[in-house]
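Here is the structure we will look at, set down as structure tokens.
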Amino acid sequence: MSRGWEEYQEGALQRERASQPEGSAGGGHVSGGSVHGGGEPRFLMLFCLGPLTDSSMGVKGLQRFMDCACPQSNMWVNLKEMAEQHCRLHPGHSPVVVVDAMGCLRFWYTSEAWVHGGQWREYLQSLDTFVAAFRSHNIDLVFFFDGVIEQKKRDEWVKRRLRNNQEIAEIFQYIKAKASQPERDMFFIPSGLGTFTRFALKSMGLNTMCSLQEADYEIASYARLNDCMAILGQDTDYLIYDTVPYLSVNKLCLNKLTTVMYSRENLCHSLHLQLVDLPLLACLLGNDVVPENVVGGLKRHCLSRYTPHNSKPTKRKEMVEAVAHYISSVTRSYDGLRKIERSLQYTSTESLLELGMTTYLLPGQSSPWLLHIAPSPVTSQYENTMYTDQRILQFAKERHIKAESCTVYKVLNVREVDCSNTLEDELDTELPGQAIVYQPARQCIYGIILSAESKSQLETAKACPMVKEWFVYPGNMLQQPNLVPALAPDVPGGTPDLQTLWLTEGSEVKKLRYCTFLACFGLQDFAEELLPLKLSTAAVCCLLTYVTLQVNTISWEDLDAYLSQALIVRDKTADQLAQRKVPRVDSRAVHLAFLFVRGLSILVSANSACGFPFQMGDLMPWEVFDGKLFHTKYLQSHSGCKAEDLLERNDILLQEFQKLKSLINSICVKKNRDIQSRPRLHTTENWERPGTYSGRGRYHVAQPEQQLPAYCPYRAYRPDYQARYPQPPTPTGMPKSHFYHHYLLCFNA
């Protein structure tokens, strides 16, 4: 670390101490909406009401240890002063902050409404405010997004998804019992926020990148190699990497541009360790590579030897100190590492500690604990590509890195994709999970991306290519990925190759891209009807028609709500949408809202695969969707509201509404889909009434007093889905009939 930076640290520490009331702690603490110590008001205190980050993000227990037990490891800093110091140290270079975008989503999402499907125009406004604060002090921003889940972290990813499933279930229990949005302590990031944020930032002209490997590794490496000023995020892994300073986004005061900086040097001084010991400390405390069940026994042993008999051995402070004390007692060598490894509850021949430590070594770095310098982790997953056309692969890779496309590169390169949790009600048997609804479309997208291999395998009578899907949906325990066949869409003349779709120009190719896009949703025969429409309107019609064809329980009332809000939102400002009141929250409306938003991400994937027949901006939620607006239209529509009232007495929008509604209906009629009117007047969620609270976020639901009219259940739940498509095995001891009952999809023959 440079001499100039050390001087800045010391100066900042002295200013911080001088500003603190006598007797206050060195790092400051949050109380009553302000920071004691620096005297800085907290920006958007609503984020303190709920969990700011995943409790298992980064190194287990380290964040709380630094915040509560090691105040010398953190200090308030002024980013404007940091930028001035950086310019003096690097003349001619603008100060750059590298932003861990996925770690900042909660900070950026400032709207009080989060359960209705997302307040997307408010979100854009929040992003703009964030960027403007840094630009006003000539600080450049570089945003990184996760582009891959590495195999060594898949188990931790699965654990988080299953834990999120329980959180979502409790959210819906609350909604059904209270008919309102849960409090902020149950906050769940609106589905699709990470996907659409990258396109929002790119539309603002910002440097936005998508990683080819674990994002925190690329962020730490990029920041170090490019002499960046700092990393902004909320992940203690950035304290373990030997890279530039790590700043907390949770404690960022945007109007004054101050936040807490965590010092790895001060942490080491407090724990009597050296910087090279931090990767080992991270692994022994537990992280995404080394799980708790492997190091738990050793941690307890360290604690029992370190903790005095008259103290409480459960304090996180003492756990971190005990593990650090143990490390300092071992010779700093590879033999010392092997000695520690023999103490772990781990039977594999693989050196898990060595694997975990190498993930923290940036290019050119080494460790006395390891025998050799580790190669970049990118070589382990992306050298052995499954696609043979290197020109196409390189083109897809460049678009992936620039965050200009979605899904394509992962399918081409490793044939493995994933999708996180969605706010959907697993107990609503009328509405399948979004992963099931959109699987036919995804299969066609895969078929386009892998069209060259599909054709060659058909010629040799081999099975079509398979794609591994890690998708979260009700009942899926994520023990293994689903193996999904890539199916060629029904395009007249056959599926065009990627060379034609991506690298060829001309009016005929533009039309071919559009038709291929529609074919992903089974609408290739209706290109002439959809082509005259405004692109964003055509995208909405495509999506709503597809969903209506896939889900038989979609009613006219649902379509009216979807269409009316998509038209009305055009002329609404973020402030107007923020002021809209929702009289009550309906669990089915929540499910439908996120079904639509997830559908927009499928449109984005199809657009990427087909060579961009649409501008990406036409497919963004802030162009066609607002959560609270949709929710009010849903309640109005199901209460018998007339079309002119749904369209707020706007005659021009009313005419367009009737035209689009007629178009969707005509397509559905031609595909033998009879849309029904099913108003849910005078009912509560799923025809249930609120029950009695039983504690721990659960409710006893009263028995329904009235029943739904007789209705043919959606064909998605036919059991022969299992016979058509390979599925992962069920958990041991669980009957397959139970495991697949409510969510498996059967495609039409």
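The values are calculated or read from the model by the stated rules, or taken from the named source; none is laboratory data. Here the structure is a predicted model, which is why all the values come from computation and not from measurement. Counting neighbours? That spans all protein chains shown, and the Cβs are built from the backbone with ideal geometry, glycine included. Heavy atoms of the whole protein, side chains included, go into the accessibility calculation; ligands, DNA and RNA do not. Shrake-Rupley method; radii C 1.70, N 1.55, O 1.52, S 1.80 Å.
Some notes on this structure:
- Criterion: assigned to a loop (DSSP other than H, G, I, E, B), surrounded by fewer than 21 Cβ atoms within 10 Å (Cβ to Cβ), outside the structural domain of I168 (by the TED database) and in contact with a Gly (Cβ under 9 Å, 6 or more places away or on another chain) - qualifying residue of E426, E430: E426
- Checking each residue in the range 387-400 for being buried (at least 17 other Cβ atoms within 10 Å of the Cβ), under 18 Å from M616 (Cβ atoms) and out of contact with any Leu (no Cβ under 6 Å at 6 or more places or on another chain) picks out F395, R399, H400.
- Residue list for the range 671-686, filter: modelled with pLDDT of 85 or more, buried (at least 16 other Cβ atoms within 10 Å of the Cβ) and out of contact with any Leu (no Cβ under 8 Å at 6 or more places or on another chain): R678, R680
- Residue match in the range 100-120 (condition: in contact with an Asp or Glu (Cβ under 6 Å, 6 or more places away or on another chain) and assigned to a strand (DSSP E or B)): no
- Inter-residue pairs, beta-carbon under 6 Å, first outside the structural domain of V417 (by the TED database) and in the range 139-150, second part of a strand (DSSP E or B) and open to solvent by less than 10 Å² (accessible area, probe 1.4 Å), 6+ apart: I139/V97; L141/V97; L141/V99; V142/V98; F143/V99; F143/T208; F145/C210; G147/C210
- Filtered by the rule that a residue be of a type in the set (V, I, T) and either in a loop (DSSP other than H, G, I, E, B) or open to solvent by 10 Å² or more (accessible area, probe 1.4 Å) (or both), the range 322-334 gives V330, T331.
- Some residue of the range 229-238 being hydrophobic (A, V, I, L, M, F, W, C) and surrounded by fewer than 23 Cβ atoms within 10 Å (Cβ to Cβ): no
- Among the residues making up the range 172-201, those that are surrounded by 17 or more Cβ atoms within 10 Å (Cβ to Cβ), over 18 Å from the mean Cα position of the chain (by Cα) and among the hydrophobic types (A, V, I, L, M, F, W, C) are F172, I175, A177.
- When the range 593-648 is limited to residues that are at positive phi and not aromatic (F, W, Y), the one that is nearest to the chain's Cα centre (by Cα) turns out to be G611.
- Single residue of the range 335-357 satisfying the filter (open to solvent by 30 Å² or more (accessible area, probe 1.4 Å) and modelled with pLDDT of 90 or more) that is nearest to the chain's Cα centre (by Cα): L355
- Among the residues making up the range 121-149, those that are part of a helix (DSSP H, G or I) and open to solvent by 40 Å² or more (accessible area, probe 1.4 Å) are R121, L124, Q125, D128, T129, A132, R135.
- Residue match in the range 606-626 (condition: open to solvent by 10 Å² or more (accessible area, probe 1.4 Å), β-branched (V, I, T) and touching a Leu at 6+ places or on another chain (Cβ under 9 Å)): no
- Residue list for the range 268-292, filter: over 20 Å from P71 (Cβ atoms) and in a loop (DSSP other than H, G, I, E, B): Q274, G286, N287, D288, V289, V290, P291
- Contact map, the range 648-667: residues that are within 15 Å of I568 (Cβ to Cβ) paired with residues that are open to solvent by less than 50 Å² (accessible area, probe 1.4 Å) and outside any helix (DSSP H, G or I), Cβ distance under 9 Å, separation 6+ or inter-chain. Pairs shown: L653/L647; L654/L647; E656/L647; F657/L647; L660/L533.
- Considering residues of the range 66-110 that are of a type in the set (S, T, Y) and more than 23 Å from C268 (Cβ to Cβ) only, the residue most open to solvent (accessible area, probe 1.4 Å): S94
- Residue satisfying condition, being touching a Phe, Trp or Tyr at 6+ places or on another chain (Cβ under 9 Å) and in the same structural domain as V551 (by the TED database), within set L654, L647, L635, L629: L647
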